[in-house]
1. Considering only protein heavy atoms, what is the solvent-accessible area of residue 1 at a probe of 1.4 Å, reported in Å² to the nearest 10?
2. Take every DSSP beta bridge with both residues inside region 58-178 and express the antiparallel ones as a percent of the total, to the nearest 5.
3. Using a simple charge model, +1 on the beta-carbon of Lys and Arg, -1 on the beta-carbon of Asp and Glu, nothing else, what dipole does region 35-77 show about its Cα centre, in debye to the nearest 20?
4. Provide the per-residue ³J(HN,Hα) series for region 61-73, in order, calculated from phi with Karplus coefficients 6.51, -1.76, 1.60 and θ = phi - 60°, each as a whole number of Hz, with x at glycine and proline positions.
5. Ignoring everything except DSSP H segments at least 4 long, calculate the 222 nm mean residue ellipticity for the chain; use -39,500 (n - 2.57) per segment, divide by total residues, nearest 500.
6. How much length would be gained if the chain were fully extended between residue 1 and residue 224, taking 0.36 nm per residue of separation minus their Cα-Cα distance, in nm to one decimal?
7. GluC sites (Glu not before Pro) within region 55-140: which are DSSP loop residues with at most 11 other Cβ atoms inside 10 Å?
8. At 1.4 Å probe radius, can you tell me the per residue accessible area of region 10-72 in Å²?
Amino acid sequence: MKYVRVEYDGEISYGVLKENGVQLLAGDIFGQASLTDTLLPLEKVRLLAPCVPSKAVCVGLNYRDHAEEMNIPLPEVPVLFLKPSTALANPGDELELPAISNHLDYECELAVVIGRTAKNVPLDQAADYIFGYTCGNDVTARDLQTPTNQWTSAKGFDKALPLGPCIVTDIDAGNLEISTIVNGQMKQHSNTRNLIFKPLQLVSYISSIMTLLPGDVIMTGTPSGISRLDSGDTVTISIEGIGELTNPVK
C-alpha cells in the first residue's frame with residue numbers, strides 16, 4: 001500500500017495512491033482510517049510530506065562507503081542526531097539556506113516511519129513498530145557542521161527535512177536501490193543492503209534511548225557522493241519501490 005497526505009480544496013487528508021489517482025481516507029493512518037468513495041486525479045491534489053513527525057531521529061555514517069568518503073572509522077553503535085518538526089518540507093517545496101550559511105548539501109536517505117509508540121523494543125519485535133518507508137533528504141548546511149562538529153545547527157534548520165512522496169508499507173527495505181539526481185545527473189547511488197545498522201536494529205536501539213511516537217521517522221543515513229546544491233538546482237531522491245522526492249533550490 002502507498003499512503004499519501006494531500007491538500008485538496010483547502011483541506012488536508014490522507015489517501016491511498018492508486019494508478020488512476022488518490023483515494024481519500026477518513027481518519028488518521030496512525031489511528032483509525034477507512035477508505036472513502038472519493039477518488040481524486042493526482043493532478044488535482046498537492047502532495048504533502050506523508051507524515052508529520054514530532055521528531056526525526058537521524059543516523060550518521062551508516063553506509064560503509066560514506067564513512068570511507070569522510071575518512072572516519074566505522075561506528076560501533078549508531079551515531080544519532082535530531083531534526084525538529086519545524087524542519088519538515090513537502091515534495092516540491094523550495095529549499096534554502098539558513099541566513100548564516102552559504103553551503104547547502106543533499107543527502108539521500110531511506111526514512112523509516114514509526115507506526116505505534118515504541119519504547120525498549122526487542123530486536124525480534126521491531127518490525128511490528130514500523131508502519132512503512134519513505135524517501136528523505138537530509139539537507140545539510142555543511143559549513144555550519146565543520147567548524148564545531150556539531151550537527152544539529154547544520155541539519156535542523158527550516159525545510160531541512162523533505163519527505164515523500166508516499167509511505168510504502170509492503171516492501172522489503174533490505175535491498176533497495178537509492179540515489180540522488182541533481183539537474184538530471186546522478187550524484188549518489190547505492191543500495192540499502194550496504195547499511196551498517198539495519199532498520200530493525202535502529203528501531204530497537206533508538207527506542208532504548210527515547211520513545212518513538214506514531215509518525216516519527218528514522219533517517220537511516222546516506223551513501224557516498226554528497227555534494228553541494230546551488231541556487232536554481234533541482235534535487236531528486238529516488239528509492240526503488242517507493243518513488244521520487246523532488247525539490248527545487250531557491
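The values are calculated or read from the model by the stated rules, or taken from the named source; none is laboratory data. All figures in this text were calculated on a predicted structure; none of them were measured in a lab. Note that we place each Cβ from the backbone using ideal geometry, even for glycine, and neighbour counts take in every protein chain shown. These accessible areas exclude ligands, DNA and RNA; they are computed on the full protein's heavy atoms, side chains included. Shrake-Rupley method; radii C 1.70, N 1.55, O 1.52, S 1.80 Å.
1. 90 Å²
2. Details: 15 of 17 bridges.
Approximately 90 percent, going by the DSSP bridge assignments.
3. On the way: 4 positive and 6 negative charges, 59 e Å.
With only Lys, Arg, Asp and Glu charged at Cβ, the dipole is about 280 debye.
4. 6, 10, 10, 4, 5, 6, 4, 5, 4, 8, 6, 10, x
5. Numbers: 4 runs with 24 residues, N = 250.
Roughly -2000 deg cm²/dmol at 222 nm, from the helical runs in the chain.
6. Result: 77.3 nm gained on full extension.
7. Values: sites: 68, 69, 76, 94, 96, 107, 109; in loops: 76, 94, 96, 107.
Answer in residue order: 76, 94.
8. Details: 3370 Å² over 63 residues.
Heavy-atom accessible area per residue stands at 53 Å².
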